[in-house]
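The values are calculated or read from the model by the stated rules, or taken from the named source; none is laboratory data. Keep in mind the model is a prediction, meaning the values are calculated, not measured. Cβ atoms come from the backbone with ideal geometry, glycine included; neighbour counts cover every protein chain shown. Keep in mind that these areas ignore ligands, DNA and RNA; they rest on the heavy atoms of the full protein, side chains included. Shrake-Rupley method; radii C 1.70, N 1.55, O 1.52, S 1.80 Å.
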Amino acid sequence: MPAAEVMSASSIHAAIIMDGNGRWASRRGLPRAAGHRAGAAAVRRAVEAAPDLGISTLTLYAFSEGNWSRPAREVSALMKLLGRYLTEETARCIANGVRLQAIGRRDRLPPRLVALLEESERKTAAGTRLVLRLALDYSSRKSILDAARRISGEVTEESLSALIGPDVDLLIRTSGEQRLSDFLLWECAYAEFVFTPRMWPDFTAKDLAQAVAEFHARDRRFGAVTARTA
Ligand code: FPP
């Protein structure tokens, strides 16, 4: 592989809309919470596989602002599951060089979950193999609004980008849905999209490798003309 390709291959920002937990569970006659538990196992697989696929940042849509409108029982099950994930995975993150960060609002999350997030962010801060960003109580429109309000001087593309977050290279959505659902709208300006019918709990390291391979096969032009299109 040419040096330039090796360099770009080692710095992909991949983002995943993990969809289909509920349908995966219903098809098996299981409660939706069982789908989310199986989804958490798929998160572990993706996090483990990501660094060796050249992914340096992985942003996962774990709980959207809109998800608050789900039944209280499901919301509570999701919050508990996220807490359990942090409790169980922080040590593994440290061992594997994974730096965990949360994006989104924290003030409406259960205080215990916020404490676990902060502890995990602190303990994993030295990780350099992968930045794992969990989007929680997240709305991309709100994040853009927040950033715009925080800028006191001239609003420029660079100043907004610096506050909003890194550009996404590869956006994956599972379960056959093909929407952004208020996820990383600004950051996905030039992202390559990969949609797969696979339900998130069935998503494997091989699926992630396939999505990355598809990403590398794409001709990213950023509006310009390249050798392939000239
Ligand atoms: C979408 O499936 C998924 C979610 C709303 C939550 C994502 C949560 C997890 C994958 C589990 C825990 C996460 C971590 C980071 C440990 P859905 O319920 O909307 O599925 P449906 O469209 O089939 O109903």
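Here is a yes/no grid of residues against (1) open to solvent by less than 70 Å² (accessible area, probe 1.4 Å); (2) within 25 Å of residue 179 (Cβ to Cβ); (3) without any contact (Cβ under 8 Å) to a residue 60 or more places away in the chain; (4) assigned to a helix (DSSP H, G or I):
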site	(1), (2), (3), (4)
38	yes, yes, no, yes
47	yes, yes, no, yes
57	yes, yes, no, no
61	yes, yes, no, no
78	yes, yes, yes, yes
114	yes, no, yes, yes
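Residue 14 meets all of the listed conditions (1) in contact with an Asp or Glu (Cβ under 9 Å, 6 or more places away or on another chain); (2) open to solvent by 60 Å² or more (accessible area, probe 1.4 Å); (3) more than 12 Å from the ligand (Cβ to nearest atom); (4) closer than 25 Å to residue 193 by Cα but one, namely (2). Considering the stretch 151-169, the residues that are over 19 Å from residue 130 (Cα atoms), surrounded by 10 or more Cβ atoms within 10 Å (Cβ to Cβ) and not aliphatic (A, V, I, L, M) include one that is nearest to the chain's Cα centre (by Cα), namely 161.
Among the residues making up the stretch 198-230, those that are open to solvent by 50 Å² or more (accessible area, probe 1.4 Å) and within 16 Å of the ligand (Cβ to nearest atom) are 198, 202, 204.
Here residue 53 clears all of (1) in contact with a helix residue (DSSP H, G or I) (Cβ under 9 Å, 6 or more places away or on another chain); (2) within 28 Å of residue 186 (Cβ to Cβ); (3) open to solvent by 20 Å² or more (accessible area, probe 1.4 Å); (4) within 12 Å of the ligand (Cβ to nearest atom) except the condition numbered (4). Taken over the stretch 170-197, the criterion of being in contact (Cβ under 8 Å) with a residue 40 or more places away in the chain and either in contact with an Asp or Glu (Cβ under 6 Å, 6 or more places away or on another chain) or open to solvent by less than 30 Å² (accessible area, probe 1.4 Å) (or both) is satisfied by 170, 171, 172, 173, 174, 175, 177, 183, 184, 187, 188, 191.
Of the set (1) within 19 Å of residue 14 (Cα to Cα); (2) more than 13 Å from the chain's Cα centre (by Cα), all apply to residue 132 but (2).
Could you tell me whether any residue of the stretch 90-109 is surrounded by 14 or more Cβ atoms within 10 Å (Cβ to Cβ), touching a residue at least 40 places away in the same chain (Cβ under 8 Å) and under 21 Å from residue 191 (Cα atoms)? Checked against the condition, which is being surrounded by 14 or more Cβ atoms within 10 Å (Cβ to Cβ), touching a residue at least 40 places away in the same chain (Cβ under 8 Å) and under 21 Å from residue 191 (Cα atoms), the stretch 90-109 yields at least one hit.
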